[in-house]
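Enquirer: Below you'll find the structure I mean.
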Amino acid sequence: MQVFPKNFVWGAATASYQIEGAVHEDGRGESIWDRFSHTPGKVHNGDTGDVACDHYHRWRDDLELMKQLGLPAYRFSIAWPRILPNARILPNGRGQVNEKGLAFYDQLVDALLAANIQPYVTLYHWDLPQMLEDDGGWLNRDIVNAFVEYTQVVVKRLGDRVKQWSTHNEPFCTAFLGYRYGVHAPGLSDEVQSLQAAHHVLLSHGLATQAIRALQPDAQVGIVLNLWTVETLTDTSDDRAFADLQWQKDCGWYLDPVLRGQYPAQAWAAYEAKVPAIQPDDLKVIAQPLDYLGLNYYMRALYDGPRRAPKLLDAEYTEMDWEVHAPGLYRLLTKLQREYPAVPIYITENGAAFKDTVEDGAVHDPRRVNYLREHIVACRQAINDGVDLRGYFAWSLLDNFEWAHGYSKRFGLTYVDYATQQRIPKDSFEFYREVIKRNGLA
Ligand code: FCB
């Protein structure tokens, strides 16, 4: 029996654009993901988030699922374009607050609390209002003010009940997938721009953190980063130097400004003229003391020399082609503890996509059960070895719109039949219910 500390938080996570649908309802404005998914060739199969899991209408059913799961905490994100559908970057200003958008989250929060489920709210999980994009999006430094205004509106409304706030989800994806690799909205491919976008996202994190604290002194504020260990097939000094630099470019680029108040030196030097324009106090603002670091872990990054290693013959891969490698989570957690200033950590996402099929009304997903079990074991080991890990959120409560992969990748503990919107708890749902009930593994 692997029991977890008494106050360990078990949760499940979702994100607005991935589950809500109802994109034209109650005054919601267009987001960059509406625009991107409706652009031919951008998303697998032409899928869009127009309907998704129809959570906007079915949230009460989804709350019933959470209750059935015995869920103590639920991490979800707020759709900025529901709250400020006409937001513009200054000098035009934020536009009208959309009361119906706020009311949606307001009733959700009330219902969660009535069910004794703690809301963990993410302010930005990638659905930027399209009009802000038209004004330059994350490339325009003044967007940070728009983000602060949005944050203030949300915190003023929900802050009497929501205590846990994350400013951003995975700035790496916002900036690098969106502006460098072109695979996420807004679909740009420019390294210089991606580094500038990343800087503005980080700056907006720092400013929003200050804004939340000013409005709500008892708030717990953090940021959610996607991180992985960079590992190599062989262990030469070149390999080690490469792995260090790659870590700095992918992970340190976000961690170091936030936790150390500086960009990682070697990566900064390696980028040469591509580094972002920054103003004198920016890093001080970015490095606000945090109540927690949210960590999304899915896999390690394995290299063969300076190239991504081909698939290993003896390893398991998910439908995303991501290697299943729970020891990487242990190594990542202990690395953070050794190398970074102390900060409590939550695993804010962890999970796996596999091919699920419904048989006689059930979904048997033993590989997902194994994935979860192994990663929960890694968490327990990390805690044993002194890591201040406070919680674990499974990704995801429901199958949903997996960004550029559309509906082809299923990460849910609950199967969603998109034709009927029927929800079918998978075996992994039952497994996780037991974990929560026992506060650990049998
Ligand atoms: C993360 C995202 C989340 C989900 C998972 C699979 O990068 O935060 O929305 O798509 O990956």
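The values are calculated or read from the model by the stated rules, or taken from the named source; none is laboratory data. All figures in this text were calculated on a predicted structure; none of them were measured in a lab. In this analysis, Cβ positions are derived from the backbone assuming ideal geometry, glycine residues included, and neighbour counts consider all displayed protein chains.
Enquirer: Mind checking which residues of segment 406-442 are touching a helix residue (DSSP H, G or I) at 6+ places or on another chain (Cβ under 9 Å), surrounded by fewer than 20 Cβ atoms within 10 Å (Cβ to Cβ), polar (S, T, N, Q) and on the phi < 0 side of the Ramachandran plot?
Expert: The answer is Ser408, and nothing else.
Enquirer: Looking only at segment 13-31, count how many residues are over 19 Å from Glu99 (Cβ atoms) and touching a Lys or Arg at 6+ places or on another chain (Cβ under 7 Å).
Expert: Summing the residues that are over 19 Å from Glu99 (Cβ atoms) and touching a Lys or Arg at 6+ places or on another chain (Cβ under 7 Å) in segment 13-31 gives 1.
Enquirer: Turning to a different aspect of this structure: Could you list all residues from segment 400-409 that are of a type outside the set (S, T, N, Q) and within 11 Å of the ligand (Cβ to nearest atom)? Working first, answer last.
Expert: Taking segment 400-409 as the starting set, the residues that turn out to be of a type outside the set (S, T, N, Q) are 401-407, 409.
Result: Phe401, Glu402, Trp403, Ala404, His405, Lys409.
Enquirer: The conditions are (1) more than 22 Å from Glu349 (Cβ to Cβ); (2) touching a Pro at 6+ places or on another chain (Cβ under 6 Å), and Leu132 fails exactly one of them. Which is it?
Expert: Result: Leu132 passes all but (2).
Here is a yes/no grid of residues against (1) within 16 Å of the ligand (Cβ to nearest atom); (2) modelled with pLDDT of 95 or more; (3) under 20 Å from the mean Cα position of the chain (by Cα):
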{"residue": "Gly93", "(1), (2), (3)": "no, no, no"}
{"residue": "Val97", "(1), (2), (3)": "no, yes, no"}
{"residue": "Gly101", "(1), (2), (3)": "no, yes, no"}
{"residue": "Tyr105", "(1), (2), (3)": "no, yes, yes"}
{"residue": "Val148", "(1), (2), (3)": "no, yes, yes"}
{"residue": "Gln152", "(1), (2), (3)": "no, yes, no"}
{"residue": "Arg157", "(1), (2), (3)": "no, yes, no"}
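Enquirer: If you don't mind, there's one more thing I want to ask. Condition first: at pLDDT 95 or above, within 16 Å of the ligand (Cβ to nearest atom), assigned to a loop (DSSP other than H, G, I, E, B) and among the small types (Gly, Ala, Ser). Can you find one or more residues in segment 410-418 that meet it?
Expert: There is at least one residue in segment 410-418 that is at pLDDT 95 or above, within 16 Å of the ligand (Cβ to nearest atom), assigned to a loop (DSSP other than H, G, I, E, B) and among the small types (Gly, Ala, Ser).
Enquirer: Look through segment 251-272, keep the residues that are surrounded by fewer than 18 Cβ atoms within 10 Å (Cβ to Cβ) and in contact (Cβ under 8 Å) with a residue 60 or more places away in the chain, and return whichever of them is nearest to the chain's Cα centre (by Cα).
Expert: Checking each candidate, the answer is Arg260.
Enquirer: Something else: State which residue pairs qualify: first residue farther than 25 Å from Trp253 by Cα and away from the ligand (no atom under 16 Å from the Cβ) and inside segment 210-230, second residue outside any strand (DSSP E or B) and β-branched (Val, Ile, Thr) in any location, beta carbons under 7 Å apart, and separation of 6 or more residues or different chains.
Expert: Leu215/Val155; Gln216/Val155; Ala219/Ile212
Enquirer: Please state which of the following conditions Ile424 fails to meet, knowing it meets all the rest: (1) within 16 Å of the ligand (Cβ to nearest atom); (2) outside any loop (DSSP other than H, G, I, E, B); (3) over 19 Å from the mean Cα position of the chain (by Cα).
Expert: Going through (1) within 16 Å of the ligand (Cβ to nearest atom); (2) outside any loop (DSSP other than H, G, I, E, B); (3) over 19 Å from the mean Cα position of the chain (by Cα) one by one, Ile424 breaks only (1).
Enquirer: With respect to Asp281, determine if the residue is over 27 Å from Gly351 (Cα atoms) and acidic (Asp, Glu). Spell out how you get there, then give the answer.
Expert: Values: over 27 Å from Gly351 (Cα atoms): yes; acidic (Asp, Glu): yes.
The answer is yes for Asp281.
Enquirer: While we're looking at this one, here's another question. Tell me yes or no: at least one residue of segment 371-390 is in contact with a strand residue (DSSP E or B) (Cβ under 7 Å, 6 or more places away or on another chain), more than 16 Å from the ligand (Cβ to nearest atom) and either at pLDDT below 95 or in a strand (DSSP E or B) (or both).
Expert: Checking segment 371-390: at least one residue is in contact with a strand residue (DSSP E or B) (Cβ under 7 Å, 6 or more places away or on another chain), more than 16 Å from the ligand (Cβ to nearest atom) and either at pLDDT below 95 or in a strand (DSSP E or B) (or both).
Enquirer: When you look at Tyr292, is it within 15 Å of the ligand (Cβ to nearest atom) and either closer than 20 Å to Ser396 by Cβ or crowded, with 20+ Cβ neighbours inside 10 Å (or both), yes or no? Let's see the steps before the verdict.
Expert: Values: within 15 Å of the ligand (Cβ to nearest atom): no; either closer than 20 Å to Ser396 by Cβ or crowded, with 20+ Cβ neighbours inside 10 Å (or both): yes.
No, not satisfied.
Enquirer: How do the pairs read when you match residues in segment 1-12 that are modelled with pLDDT under 95 with residues anywhere that are loosely packed, with under 12 Cβ neighbours inside 10 Å, using Cβ under 9 Å and keeping only pairs 6 or more apart or on different chains?
Expert: Met1/Ala442; Gln2/Ala442
Enquirer: Please specify each residue of segment 1-50 satisfying the condition of being over 21 Å from the mean Cα position of the chain (by Cα), closer than 21 Å to Lys409 by Cβ and of a type outside the set (Gly, Ala, Ser).
Expert: Within segment 1-50, His38, Thr39, Pro40, Asn45 qualify.
Enquirer: Among the residues of segment 330-359 satisfying the criterion of being hydroxyl-bearing (Ser, Thr, Tyr) and free of Cβ contacts under 8 Å to residues at least 60 places away in the same chain, which is farthest from the ligand (Cβ to nearest atom)? It would help to see each step written out before you state the result.
Expert: Quick first cut of segment 330-359, residues hydroxyl-bearing (Ser, Thr, Tyr) only: 330, 334, 340, 346, 348, 357.
Filter once more, keeping what is free of Cβ contacts under 8 Å to residues at least 60 places away in the same chain: 330, 334, 357.
Numbers: Tyr330: 20, Thr334: 22, Thr357: 20 Å.
Among those that are hydroxyl-bearing (Ser, Thr, Tyr) and free of Cβ contacts under 8 Å to residues at least 60 places away in the same chain, it is Thr334.
Enquirer: I would also like to ask the following. Quick one: would you say Phe393 is within 19 Å of the chain's Cα centre (by Cα), within 16 Å of the ligand (Cβ to nearest atom) and within 22 Å of Trp10 (Cα to Cα)? Write out each step before concluding.
Expert: Working: within 19 Å of the chain's Cα centre (by Cα): yes; within 16 Å of the ligand (Cβ to nearest atom): yes; within 22 Å of Trp10 (Cα to Cα): yes.
Taking the combined requirement at face value, the residue satisfies it.
Enquirer: Moving on to the next point. What about Phe429, is it in contact with a Gly (Cβ under 8 Å, 6 or more places away or on another chain) and among the hydrophobic types (A, V, I, L, M, F, W, C)?
Expert: On the way: in contact with a Gly (Cβ under 8 Å, 6 or more places away or on another chain): no; among the hydrophobic types (A, V, I, L, M, F, W, C): yes.
No; evaluated as a whole, the condition is false for this residue.
Enquirer: Being touching a residue at least 60 places away in the same chain (Cβ under 8 Å) and more than 30 Å from Glu64 (Cα to Cα) is the requirement here; does Arg28 meet it? Reasoning before the result, please.
Expert: Details: touching a residue at least 60 places away in the same chain (Cβ under 8 Å): yes; more than 30 Å from Glu64 (Cα to Cα): no.
Judged against the criteria, Arg28 is not a match.
Enquirer: Within segment 313-352, track down each residue that is within 15 Å of Asn296 (Cα to Cα), in a loop (DSSP other than H, G, I, E, B) and small (Gly, Ala, Ser).
Expert: Scanning segment 313-352 gives Gly351, Ala352.
Enquirer: Starting from segment 154-182, take each residue that is aliphatic (A, V, I, L, M) and list its partners that are assigned to a strand (DSSP E or B) and within 16 Å of the ligand (Cβ to nearest atom), counting only C-beta distances under 6 angstrom and pairs at least six apart or across chains.
Expert: Matching pairs, first to second residue: Val162/Val121.
Enquirer: Any residue at all in segment 356-370 that's under 21 Å from the mean Cα position of the chain (by Cα) and acidic (Asp, Glu)?
Expert: Scanning segment 356-370, I find no residue that is under 21 Å from the mean Cα position of the chain (by Cα) and acidic (Asp, Glu), so the answer is no.
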